[in-house]
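Peer 1: Let me give you the structure first, and then I'll get to my questions.
Coordinate-derived values only; no laboratory data. Computed from a prediction, not measured in an experiment: that's the story for all the values here. Note: ideal-geometry Cβ built from the backbone for every residue, glycine included; neighbour counts use all protein chains shown.
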């Protein structure tokens with residue numbers, strides 16, 4: 001729905017006990033693949049087709065990522081997948097053909113390309129013998145749309161101008177994982193299956209979509225007390241809930257209102273490097289009270305995509321000052337307040353809505369798991 005995120009390097013911690021803790025376990029039990037697959041089959045929603053195949057790909061992903069397949073982690077994975085696709089490797093997107101053509105027209109207008117030129121380009125014959133406009137009119141899934149865009153970019157000069165060699169389909173598969181995230185994860189950590197054509201295309205398969213989706217959901221350390229914050233991170237970006245809590249602490253300490261969106265710095269600072277975002281500006285305003293200079297604050301805030309930010313001097317100093325100012329303890333995780341934007345979204349939705357919807361499914365799954373013991 002919104003934003004890709006960089007994957008953290010390093011070992012993955014265990015996420016949940018059977019209820020809701022997201023901390024590591026003292027003793028890691030042994031999980032037999034056959035037992036894990038059988039457990040997944042029993043936890044899958046009743047209407048799921050190809051249950052054994054889903055269970056096999058999910059179990060294989062947990063093993064390859066070295067993530068503990070306990071009930072909490074399994075239920076978190078199943079909850080996100082049910083929310084995003086109802087267990088379809090390539091889910092149908094309502095009205096996708098109209099959305100796709102509308103996006104092409106918007107891009108053409110932004111580049112001052114006449115409509116007749118766009119129509120002429122789309123009337124060209126594609127590789128499968130159909131015209132591009134015919135194929136666009138019949139698409140129902142993001143995989144199909146991605147394939148059309150790939151061919152347009154590679155074969156039609158106007159396609160390169162419209163899309164700047166960048167396929168605009170940014171998410172896909174059963175967990176709707178970001179394709180950029182998948183590509184970065186594969187470069188950093190490899191991929192456990194043969195790559196038939198590209199990582200992008202692997203995302204639209206059940207095995208690839210589940211592997212990268214589970215990596216994005218569970219494959220980084222986070223000291224969250226509740227799984228709902230991982231669900232929020234899945235939508236808003238890794239560590240977004242932790243970073244939103246930091247922004248709230250900055251507001252308490254400084255009196256400066258901030259958007260709790262989890263974005264700590266402007267990564268594009270302009271040619272002169274002078275551009276700074278509202279969060280960084282507010283922290284700098286506290287510099288003397290924090291005994292921190294601008295350069296140190298910037299270095300620490302740039303760790304916002306990593307686990308290290310939670311132990312940085314800026315993090316510790318801001319929370320100490322905020323709790324002294326407010327005279328009460330502050331949360332270390334807050335669901336980011338983000339309005340979701342996408343051509344696929346036709347009503348007002350937020351990260352909080354997404355996280356709560358997934359958490360409802362997660363809690364039902366946990367109750368089912370408890371009844372199966």
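Peer 1: GNM on the chain, C-alpha springs below 10 Å: top fluctuator among 57, 291, 360?
Peer 2: Most flexible of the set in this elastic network: 291.
Peer 1: Can you tell me which of 73, 167, 243 moves the most in a GNM of the chain? Springs connect C-alpha atoms under 10 Å apart.
Peer 2: Sorting by GNM fluctuation, first place goes to 167.
Peer 1: Distance from the Cα centre of segment 281-315 to that of segment 156-214, in angstrom?
Peer 2: 34
Peer 1: Residue 117 to residue 31: extension gain in nm, 0.36 nm per residue of separation minus the Cα-Cα distance?
Peer 2: Gain on extension, residue 117 to residue 31, equals 25.1 nm.
Peer 1: Could you list 82, 142 so that the one with the fewest beta carbons within 10 Å of its beta carbon is first and the one with the most is last?
Peer 2: 82, 142
Peer 1: To continue, here is another question. Using the number of other C-beta atoms within 10 angstrom as an exposure proxy, rank 66, 90 with the fewest first.
Peer 2: Fewest-to-most ranking of 66, 90: 66, 90.
Peer 1: Is it possible to state the helix-based mean residue ellipticity at 222 nm for the chain, with each DSSP H run of 4+ residues giving -39500 (n - 2.57), the sum divided by total residues, to the nearest 500 deg cm²/dmol? What is it?
Peer 2: Helices in the chain give a 222 nm mean residue ellipticity of -16500 deg cm²/dmol.
Peer 1: Indicate the gyration tensor shape class of segment 278-373 (rounded, prolate or oblate), computed on the Cα atoms with a ≥ b ≥ c the square roots of the eigenvalues: a/c under 1.5 is rounded; otherwise a/b larger than b/c is prolate and the rest oblate.
Peer 2: Note, shape of segment 278-373 comes out prolate.
Peer 1: Using the Cα gyration tensor of segment 96-169, with a ≥ b ≥ c the square roots of its eigenvalues, what is the shape: rounded (a/c below 1.5), prolate (a/b larger than b/c) or oblate (neither)?
Peer 2: Rounded is the answer for segment 96-169, as its axis ratio a/c remains below 1.5.
Peer 1: Sequence gap at least 6, Cα distance under 8 Å: using those rules, report the relative contact order of segment 42-178 to the nearest whole percent.
Peer 2: Relative contact order of segment 42-178: 26 percent.
Peer 1: Right, something else. Explain nothing, just the number: relative contact order of segment 238-326, from Cα pairs under 8 Å at least 6 residues apart, as a whole percent.
Peer 2: Result for segment 238-326 is 35 percent.
Peer 1: Take every Cα pair under 8 Å in segment 202-272 that's 6+ residues apart, average their separations, divide by the length, and report that relative contact order as a whole percent.
Peer 2: 21
Peer 1: Using the count of nearby Cβ atoms within 10 Å as a rough guide to exposure, how do 195, 297 rank from fewest to most?
Peer 2: 195, 297
Peer 1: Still on this structure, please answer the following. Label the chain by shape, choosing from rounded, prolate and oblate, from the square roots a ≥ b ≥ c of the eigenvalues of the Cα gyration tensor; if a/c is under 1.5 it is rounded, and otherwise prolate applies when a/b is larger than b/c, oblate when it is not.
Peer 2: Cα axes put the chain in the oblate bin.
Peer 1: Could you work out which residue, out of 52, 249, 117, moves most in a Gaussian network model of the chain, that is, has the largest mean-square fluctuation with Cα springs under 10 Å?
Peer 2: Of 52, 249, 117, the most mobile in the Gaussian network model is 117.
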